[in-house]
Structure formats: structure tokens, C-alpha cells
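We did not get these values from a lab; they are worked out from the coordinates using the rules stated. From a predicted model like this one, the values you see are computed outputs, not experimental measurements. Here the Cβ positions follow ideal geometry from the backbone for every residue, glycine too, while neighbour counts run over all protein chains shown.
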Amino acid sequence: MPEPVAFPESLSTPRLLLRVPTAADGPLMAAAVNANLEHLRPWMPWAQQPRTPEQQSESMARAHDRFLQGEDLMYLMLKGGQIIGSCGLHRIDWSVPAGDIGYWLDSRHLGHGYVTEMAAALTDLALTPAQRGGLGLERLEIRCDPRNHKSAAVPERLGYELEARLKRNARDAQHPEQLRDTLVFAKWPPEK
């Protein structure tokens, strides 16, 4: 990292709390993921099989460790104390500095603007200069499968630029023998 950056362990939006996961969140996160497998399978390679509480606790502990190291900033999305999804700043390259936002939302909470609200908060955190309390990234991306129209609408609403459609660059989540395209939306801090 070019300069010391403080990673906030929680962020509040008008309706959501985003906070770093711990191993203790494993059972509730496993329940949330398992309740949404049909919704997540087309888009998320990690959501092809049910998760046990133990597996999810291990995953949450690793996510917490990566957060503390500044390698991957995963947050749980909570509404009224209930886990309704997760999000984060992923694929962080501090040498640029750049990263991307990823997210999933419990299907019972779709259509209320929660993902847009969360992504706006992460965008603000990521692109605000470190001297003003942000992370000081110079480039932020949101990538998604072109067939996932709801996911693609989020960066469009937030003023990201559709920069590219990468042809046949990733394995299909449900059919790994097939390749799929990826949309790359990008945003940068305001010109100085």
C-alpha cells in the first residue's frame, strides 16, 4: 500500500449496516447462503453446493483475516440485525491502487434498492482520498455476467462507465465447461 490506510470495520447507510464478518457469523451466513442457492447459482461459482455452518465459519474467519491484511474487504450486509447479503472491495491492487466491488443479496430483499445503497457507500469509501478518510483508490470496477441484468443496473445507476465487454473470459458458474462474457463497469475519483 502506498500509505497507511485505515479500513473501517463497519459502515452505516440510511438503512443498512455493513460490518466485517467473524467466525461466529458462520451459522447465520450459511443459513442465508443456503436459503438463496437457487438465486445465486447462475452467478456465483461458490454457491453451487450447500454450505455447512462449520465451512462458513472457516470462510468467515479467512475473510476477517484478509480484511485485517487489506487484501480483500468483505462486509456482511445487515438490516435490522439480520444478514441479508454480503459485499466488499475485492481484487485490490494497492500498487495502482484499484479494486472492484462484489455483492450478493438475499432474494427476499430484492427490489428495495439495498444493493445500490451499499454500492454507493463502498464507492464513496473507495474513491475518497485517504487524507479525507477514504481508501484513495484511483480505479474501481464492478464486473458482472451480462445476463445478470439486475446486477448490471447497479453500476449504471451509480454513474459507472461501461468500459468493456470481455468476450469468453470466465467460466460459467453453473456450467464450468462453458465460457461466458463479463461486463466491466469502471469509475474513477473526480479529477483533481
Treat each spin label as a single point 7 Å out from the Cα along the C-beta direction, and report the GLU177 to HIS109 distance in nm. 3.7
Which order do SER107, SER95, SER12, SER86 fall in if you start with the one that has the fewest other Cβ atoms within 10 Å? SER95, SER12, SER107, SER86
Percent of Cα pairs exceeding the 17 Å cut-off, where the set is the range 1-120: 56
Two-decimal Rg/Rh across the range 86-162, once Rg and the Kirkwood Rh are taken from alpha-carbon atoms: 0.98
Nearby aspartates and glutamates by direct alpha-carbon distance to LYS187 (threshold 17 angstrom, same-chain neighbours under 8 apart not counted): ASP93, ASP100, GLU117, ASP124, GLU138, GLU141, GLU156, GLU161, GLU163
Everything considered on the Cα gyration tensor (a ≥ b ≥ c; rounded for a/c under 1.5, else prolate if a/b is larger than b/c, else oblate), the range 146-192 must be described as prolate
Under the helix-only model (-39500 (n - 2.57) for each DSSP H run of 4 or more, divided by the residues of the chain), the mean residue ellipticity at 222 nm, to 500 deg cm²/dmol, is -8500 deg cm²/dmol
If you take every residue apart from HIS39 with its C-beta less than 10 Å away from the C-beta of HIS39, what net charge results, scoring Lys and Arg +1 and Asp and Glu -1? 0
Long-range amide H contacts for ALA164: which residues qualify at under 5 Å (H placed 1.01 Å from N, peptide plane, sequence gap of 5 or more or a different chain)? VAL184
Scan the chain and report its longest stretch carrying no GluC sites (Glu not before Pro) that are both in a DSSP loop and have at most 15 other Cβ atoms within 10 Å. 72-137
Give me the Kirkwood hydrodynamic radius of the range 34-97 in Å, from all C-alpha pairs, to one decimal place? 13.3
Inter-probe distance in nm under a simple model that places probes 7 Å from Cα toward Cβ, at THR13 and GLU117: 0.7
Per-selection Kirkwood Rh - the range 54-192 (Cα, Å, 1 d.p.): 16.1
